[in-house]
Amino acid sequence: ANDPRYPTNATNSIPGWVVEDGAQCLKFDGVGTYLTLPTEAFPRGSFTLSFEIKPTGCGNQVLFRHHGYYIGSVTLKSESEKLVVSFVDRNIEGTLFAPGLGLPRGQWSKIEMRYDLQNMYFKVNEVSSAPIPFSRPALFSMTSSFGGHLRPAFGIKPGDKFFEGYLKALR
């Protein structure tokens, strides 16, 4: 919250526990709430990342970022209510993935991203994109966050916002 890019109108950085549609989940306000995960939570090798969200806000929203003071490897965003993912490898080369999978506002969506060091796989609810051949190692081991982190980097654009909505089943 000491970063000059952190929203000056944020009153809280901590998402709140609530019950939404009968499920315990975290509520993000879209202004400045986020969840930080330790370095060990996101590997540099193969991985599966999954979570369920119910977006309530408008605009392009940052969902998940693997980052630190320096650029990280993975950013998942909702752009025009569709999943967009960027990946930066250890040569600091960025790749953008736009699998065309919808993330409708006001509805729960289960998102899964899987990387087996040979292919990227994306799935939203029961719709999967075709495997995308990809075999580049991640950049650094560092922290990750869910909900927002707007430090300029590959995959982050002017006008991107913190996530507004609900999160459950982060794995």
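The values are calculated or read from the model by the stated rules, or taken from the named source; none is laboratory data. The model shown is predicted, which means the values in this text are computed figures rather than measured ones. Note that each Cβ is placed from the backbone with ideal geometry, even for glycine, and that neighbours are counted across all protein chains shown. When the accessible area is computed, the model is the full protein with side chains, heavy atoms only, and any ligands, DNA or RNA have been set aside. Shrake-Rupley method; radii C 1.70, N 1.55, O 1.52, S 1.80 Å.
So for 31, 19, what's the accessible-area order with a 1.4 Å probe, most first? Walk me through the intermediate numbers first.
Details: 31 45, 19 90 Å².
The residues order as 19, 31, largest area first.
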Using each residue's phi in segment 81-95, evaluate 6.51 cos²θ - 1.76 cosθ + 1.60 at θ = phi - 60° and report the 3J(HN,Hα) Karplus result to the nearest Hz, with x for Gly and Pro.
6, 9, 6, 10, 10, 10, 9, 10, 8, 5, 8, 6, 9, x, 10
With a Förster distance of 45 angstrom and the Cβ-Cβ distance between residue 6 and residue 114, calculated FRET efficiency to the nearest 0.05 equals 0.90
Quick one: among 158, 55, 38, which has the greatest mean-square fluctuation in a GNM of the chain with alpha-carbon springs under 10 angstrom?
158
Yeah, segment 49-99 with a ≥ b ≥ c from its alpha-carbon gyration tensor (a/c under 1.5 is rounded, else prolate when a/b outruns b/c, oblate otherwise) is prolate
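Calculate how many DSSP beta bridges within the chain are antiparallel, expressed in % of all such bridges and rounded to the nearest 5.
Around 95 percent of the beta bridges assigned by DSSP in the chain are antiparallel ones.
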Stretch residue 18-residue 58 to full length: gain in nm at 0.36 nm per residue minus the Cα-Cα span?
12.3 nm
Which entry in [x] 16.0; [y] 16.7; [z] 17.7 matches Kirkwood radius over Cα pairs in Å derived from the coordinates of this structure?
[x]
When we measure straight from the Cα of residue 123, which aspartates and glutamates land under 14 angstrom away, once same-chain ones fewer than 8 places off are left out?
52, 112
What is the set of long-range amide H partners of residue 170 at a cut-off below 5 Å, with H atoms built 1.01 Å from backbone N?
52
Approximate spin-label separation residue 171-residue 135, in nm, with each point projected 7 Å along Cα-to-Cβ
2.8 nm
Residues of the chain: accessible area per residue with a 1.4 Å probe, Å²:
49 Å²
How far apart, in nm, are the 7 Å Cα→Cβ label points at residue 36 and residue 92?
2.4 nm
